[in-house]
Amino acid sequence: MLTAGIAHEINNPVNFINSGAVSLQKDYEDLERLIHAVGELPPDARRIADEIGMEELLKIIPQTIVDIQTGVNRTSEIVKGLRNFTRLDASELKEADLHEGIDSTLLLLSHKIKDRIRIVKAYDERIGFIKCYPGPLNQVFMNLLNNAIDAIDQKIRGNSSAGETHGIKDPGTQYQIRILTKLIEEEGTAQVKIVITDTGAGIPEEIRDKLFDPFFTTKEVGKGTGLGLSICHGIIEKHGGKISFESTVRIGTEFTITLPIE
Amino acid sequence: MEKLTVLYIDDEEINLRVFKSTFRRDFFVLIACSAKEGLAILKKEPVDILITDQRMPEMTGVGLLKEVADIYPDVPPVRMIISGYTADKDIEEAYKNYKLYSFVSKPWDESYLKGIILEASNMLNKRYE
């Protein structure tokens, strides 16, 4: 709850930075109009204009305003991430269809998957409805599948720039995401195992320890907040489950989630 | 056309200032730093649109709307709440019972907020007076 409070409270200062920048921009446009209307400056004013480098200044100001807004947008994204994270507190345990959750997430990602990545599903049909936090759990699938797609994209980019095809003709088997679910019953307890495997670029060894750390990201500035996997970790823990991964560079990555079910 | 009069209430003074400097070209902006001060302005000046922050000491935005709905039962629901927090049960209550027109999240988007204000003003046939 504390994080939620902080996240929301940040919106106030973010609001006046953003709004302040918007109003500065309008005020500046007005001033600029005035300056242009004045035209030729009287000698005294000309001297000051040279001293402050007015021509340059007139270009710098609007750029600075845009820079401030970029900072604001990025901050807002982080706050949104934290907010989603803490929304878990507000959601309720419900009976939900695990496979339906995965399928609807895939549907949302279909524009990113297109034809270039093959999705292979191996669902254990014995798994029906499970007691879980459906919204947050779907967020975990969304994050993991999104990362899988990005990892494959990274590999595709690497291959095309290296001019390699690894001798595999069919990109459908080369670029693949497998989703496997399995019911595991032993000694009176039942667990659901969900394995998401990609044939992407893999995770370099030196960053594996940091993968679940908040704000750790390998993505381009502005492309990821670095909150995705730490949020996943939190959500799975909240379910009393576990999340782990194995990865080989250039071969791919496999995330395994286990959730206890009643 | 005459400019709309918008009253904005927020306990954060900087929010008041940036609201005014952002929208002064479009609207006649009145500001107040508490629900109590806002109510005093409503009683004195003609106001078209009322916008309030939700979380404020003493009286919340929803609390304020409740009072306003009691005092001005005939004025259409041209009232907005802006909050850094997500909408909760209180906000739902305000929609249902206290004539809340719209809930907007901070940081507000200038053109979106302006659009909502203009949209709300369409329902206006009576001012707070």
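A short reminder: the numbers here are calculations on the coordinates, not readings from a lab. Since this is a predicted model, take the numbers as computed values, not measurements. All Cβ positions, glycine included, derive from the backbone under ideal geometry; neighbour counts span all protein chains shown.
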message: Taking the 0 to 90 degree range and rounding to the nearest ten, how far is the long axis of helix A:228-238 tilted relative to the main principal axis of chain A, both from C-alpha atoms?
response: 50 degrees
- prompt: For the residue pair B:Arg24 and A:Leu211, what label-to-label distance in nm results when each label sits 7 Å from Cα along the Cα-to-beta-carbon direction?
  reply: 5.5 nm
message: Nearest 10 degrees is fine. How inclined is helix A:54-86 to the longest principal axis of chain A, computing both from alpha carbons?
response: 30 degrees
task: For the range A:124-136, just list the computed ³J(HN,Hα) in residue order, Karplus coefficients 6.51, -1.76 and 1.60, θ = phi - 60°, integers in Hz, with x standing in for Gly and Pro.
output: 7, 5, 6, 7, x, 7, 10, 7, 7, 9, x, x, x
message: Taking the beta-carbon count within 10 Å as an exposure proxy, list A:Leu183, B:Leu50 from fewest neighbours to most.
response: A:Leu183, B:Leu50
message: Set the bar at 19 Å for Cα to Cα. Now go through A:Lys80/A:Lys155; A:Lys94/A:Lys121; A:Lys131/A:Lys193; A:Lys114/A:Lys210; A:Lys182/A:Lys242; A:Lys26/B:Lys114 and name every pair that lies beyond it.
response: A:Lys80/A:Lys155; A:Lys94/A:Lys121; A:Lys114/A:Lys210
- line: Here the gain from full extension of A:Ala37 to A:Arg74, 0.36 nm per residue of separation minus their alpha-carbon distance, amounts to 9.7 nm
query: Between A:Ile61 and A:Glu187, what FRET efficiency follows from the Cβ-Cβ distance if R0 is 56 Å, with the result rounded to 0.05?
result: 0.20
query: Taking the Cβ of A:Thr181 as the center, what net charge do the other residues with Cβ under 10 Å away carry, scoring Lys and Arg +1 and Asp and Glu -1?
result: +2
- prompt: How compact and how long is chain B, expressed as Rg and Dmax of its alpha-carbon atoms in Å?
  reply: 13.1, 38
statement: Dividing the alpha-carbon radius of gyration of the protein assembly as shown by 2.2 N^0.38 Å, where N counts its residues, gives 1.28
query: Where does the range A:92-260 land on Rg(C-alpha)/(2.2 N^0.38 Å)?
result: 1.05
field: Largest-first ellipsoid semi-axes for the range A:182-238, taking √(5λ) over the Cα gyration tensor eigenvalues, angstrom
entry: 29, 15, 10
- line: At R0 = 35 Å the Cβ-Cβ FRET efficiency linking A:Lys94 and A:Val249, nearest 0.05, sits at 0.35
